[in-house]
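Structure, as C-alpha cells:
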Amino acid sequence: SSRNARGMTVPFNTLHDMDFFVGFPPSAGSVIVRNNIFSAKKGTSCSAMVLEKSITHDYNLFSSSTYNPGGESNPVIGSPLFVTIGSLFALLTGSPAINKGNPTEEAAFAAYQSRYGVDIRRDLAGVRRPQQSRWDIGAYEFGSGTPVVSPNPPSNLRVN
C-alpha cells in the first residue's frame, strides 16, 4: 500500500483466511482499493471491506459473492486458483485473476518512482508487471512464483 497526507492506495494484494479483509477509519483520507484478491474469509459477521468511509474500490477478485461489498463496476467473482493455498498464492492456469486488473496503471506506481527513484511495477516474486496484455489481480503475475518441482531424494544410500 501507499499512504500520504491525501490518503492511501491499496493495490495488488492477496488476502486469504482472515477475519475480515479491509477496514478504514474515517480519518484515512482518500482510499483506493484495486486489483486485490479477497479469498476465504474466516468470519461471516462482515463483508470483505468494512466501509466506515467512502472508498474507491474496483477490479478486485472475491472468492465468494458474499464478500463483495457492492459498488464495483468491474468485480471478479470466483476461485482465484492458487498454486498451493496456505503457502504459495501464485496463480494457476485458468485463474479468473489473469489479465483482469485495472487496464489503467495505478498512479501510485509513478508517484513512488518519482519520489524514491525506484520502479515498483513488480509482483511479490519480483517479476515485472504486466506480463501479458493486462495486469493480473493479486500479489503475483501469472507464471511467476510457479514452483520448480525437485525430484525425491534418493533412498537407501550407503556411504563406504
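Computed values, structure above
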item	result
For Ile37, residues with placed amide H under 5 Å, excluding near neighbours	Asn13, Thr14, Leu15, Leu61, Gly138, Ala139
Amide H partners (placed H, <5 Å) of Arg129, local residues excluded	Arg122, Asp123
From phi via Karplus (6.51, -1.76, 1.60), per-residue ³J(HN,Hα) for the stretch 91-96 in Hz, x at Gly/Pro	8, 8, 3, x, 4, x
Separation in nanometres of the label points that stand 7 Å from Cα toward Cβ, at Thr93 and Val118	3.6
Under-5 Å amide H pairs with Met8, H placed in peptide plane, nonlocal only	Ser30, Val31, Ile32
Under the Karplus curve 6.51 cos²θ - 1.76 cosθ + 1.60, θ = phi - 60°, whole-Hz ³J(HN,Hα) for the stretch 58-74, x wherever Gly or Pro sits	6, 6, 9, 9, 10, 6, 9, 5, 6, 7, 6, x, x, x, 8, 6, 10
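Here, each number is a calculation from the coordinates, and none is a lab measurement. Computed from a predicted structure; not experimentally measured. Every residue, glycine among them, receives a Cβ derived from its backbone with ideal geometry; neighbour counts consider all protein chains shown.
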